[in-house]
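J.: Quick one: the structure is below, and I'll ask about it shortly.
The values are calculated or read from the model by the stated rules, or taken from the named source; none is laboratory data. Only a predicted model underlies this, so the values are computations on that prediction, with no experimental measurement involved. Don't worry about glycine lacking a Cβ; one is built from the backbone with ideal geometry, like all the others, and counts go over all protein chains shown. The area values use the complete protein model at the heavy-atom level, side chains included, leaving out ligands, DNA and RNA. Shrake-Rupley method; radii C 1.70, N 1.55, O 1.52, S 1.80 Å.
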Amino acid sequence: LAFFGVALLTTPAHTPWLHLLRNLNHGDVLTLACAFGFALQIIALDHGAKRIRFDQLALLQIGFAMLFLTIGAWWIEPPAPHAMAHLFSPGSPLMNPLVLFAVGVAGILATALAFSIQTWAQQVIPATNIAVIVTLEPVFAWLTAFVVLHERLELRRGLGAMLVLTGILAAEILPRWRRRIRKN
């Protein structure tokens with residue numbers, strides 16, 4: 001349910017319902033690969049969080065994220081040789097205060113703080129619950145686009161958000177319901 005909800009939230013509105021998964025482009029494939037990578041990260045973190053102190057594990061994740069994201073960025077979009085000389089010069093886009101702020105927010109809040117909180121939380125919360133919480137990201141993006149950017153609330157995206165929330169409720173309620181049935 002959550003997967004199809006995310007598909008409805010993230011595919012263009014003009015895509016026919018029966019062709020949602022057929023019209024994947026390069027960015028969609030990269031996004032699916034990233035989602036698969038995060039699923040593996042949640043599983044690995046579930047095993048490591050119970051054996052290693054969360055601060056050490058969070059630092060290890062931040063270091064690997066920095067390394068792999070840097071390699072990935074250079075591999076996918078290699079910088080032009082002549083651009084490297086001007087990268088840190090005054091007036092370059094990288095020296096723009098808004099760009100530096102965005103890099104700081106992405107690096108500190110979206111990476112370091114997020115990994116630290118997730119690592120700490122996975123010491124006490126099962127991996128399945130963490131995965132369900134992560135699934136809420138597109139729903140919050142949709143709501144943020146509505147509130148901040150004043151985008152329209154389309155029926156398809158609303159249905160997608162409802163499917164994600166229904167998937168989350170099912171993942172939380174069904175195991176408890178099964179345990180009650182087994183006890184009786």
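J.: Looking only at the stretch 152-165, which residues are more than 20 Å from the chain's Cα centre (by Cα) and either open to solvent by 90 Å² or more (accessible area, probe 1.4 Å) or without any contact (Cβ under 8 Å) to a residue 60 or more places away in the chain (or both)?
T.: Arg152, Leu153, Leu155
J.: Continuing with this model, one more query. Among the residues of the stretch 104-123, which ones are open to solvent by 40 Å² or more (accessible area, probe 1.4 Å) and of a type outside the set (A, V, I, L, M)? Give the steps one after another, and end with the answer.
T.: Step one: filter the stretch 104-123 for residues open to solvent by 40 Å² or more (accessible area, probe 1.4 Å), giving 105-106, 108-110, 113-114, 117, 120, 123.
Hits for the stretch 104-123 are Trp120, Gln123.
J.: Let me ask something else about it. Looking for whichever is exposed (fewer than 12 other Cβ atoms within 10 Å of the Cβ), under 21 Å from the mean Cα position of the chain (by Cα) and of a type outside the set (Phe, Trp, Tyr) here; the options are Pro97, Pro93, Pro126, Pro138. Which one fits? Quick ask: steps written out before the conclusion?
T.: Values: Pro97 fails: under 21 Å from the mean Cα position of the chain (by Cα); Pro93 fails: under 21 Å from the mean Cα position of the chain (by Cα); Pro138 fails: exposed (fewer than 12 other Cβ atoms within 10 Å of the Cβ).
Of the residues listed, the single one that is exposed (fewer than 12 other Cβ atoms within 10 Å of the Cβ), under 21 Å from the mean Cα position of the chain (by Cα) and of a type outside the set (Phe, Trp, Tyr) is Pro126.
J.: Which ones in the stretch 117-151 are farther than 22 Å from Leu169 by Cβ, in a helix (DSSP H, G or I) and either among the acidic types (Asp, Glu) or in contact (Cβ under 8 Å) with a residue 60 or more places away in the chain (or both)?
T.: Listed by number, the residues that qualify are Thr119, Trp120.
J.: Next question. What number goes with the only condition from (1) over 27 Å from Ile108 (Cα atoms); (2) touching a residue at least 24 places away in the same chain (Cβ under 8 Å); (3) open to solvent by 60 Å² or more (accessible area, probe 1.4 Å) that Thr10 does not pass?
T.: With (1) over 27 Å from Ile108 (Cα atoms); (2) touching a residue at least 24 places away in the same chain (Cβ under 8 Å); (3) open to solvent by 60 Å² or more (accessible area, probe 1.4 Å) applied to Thr10, the lone miss is (1).
J.: Within the stretch 154-169, does at least one residue satisfy the condition of being out of contact with any His (no Cβ under 7 Å at 6 or more places or on another chain) and outside any helix (DSSP H, G or I)?
T.: Within the stretch 154-169, one or more residues are out of contact with any His (no Cβ under 7 Å at 6 or more places or on another chain) and outside any helix (DSSP H, G or I).
J.: Between a residue in the stretch 60-73 that is over 15 Å from Cys34 (Cα atoms) and any residue that is open to solvent by less than 90 Å² (accessible area, probe 1.4 Å) and at pLDDT 90 or above, which pairs come within a Cβ distance under 6 Å, given they are 6 or more apart or on different chains?
T.: Here the result reads Ile62/Ala112, each pair linking the stretch 60-73 to a residue that is open to solvent by less than 90 Å² (accessible area, probe 1.4 Å) and at pLDDT 90 or above.
J.: For the stretch 16-30: of the residues being at pLDDT 75 or above and within 22 Å of Trp142 (Cβ to Cβ), which is surrounded by the most Cβ atoms within 10 Å (Cβ to Cβ)? Talk me through it step by step, then tell me what you get.
T.: Pass one, the stretch 16-30, residues at pLDDT 75 or above: 16, 25-27, 29-30.
So of that shortlist, the ones also within 22 Å of Trp142 (Cβ to Cβ) come out as 16, 25, 27, 29-30.
Details: Pro16: 9, Asn25: 8, Gly27: 8, Val29: 10, Leu30: 12.
The qualifying residue surrounded by the most Cβ atoms within 10 Å (Cβ to Cβ) is Leu30.
J.: Given the options Ile52, Ile43, name the one that is part of a helix (DSSP H, G or I), closer than 23 Å to Thr119 by Cα and among the β-branched types (Val, Ile, Thr).
T.: Values: Ile52 fails: part of a helix (DSSP H, G or I).
That would be Ile43, the only listed residue that is part of a helix (DSSP H, G or I), closer than 23 Å to Thr119 by Cα and among the β-branched types (Val, Ile, Thr).
J.: Take Ala65 and decide whether it is in contact with a helix residue (DSSP H, G or I) (Cβ under 9 Å, 6 or more places away or on another chain) and not in a loop (DSSP other than H, G, I, E, B).
T.: yes
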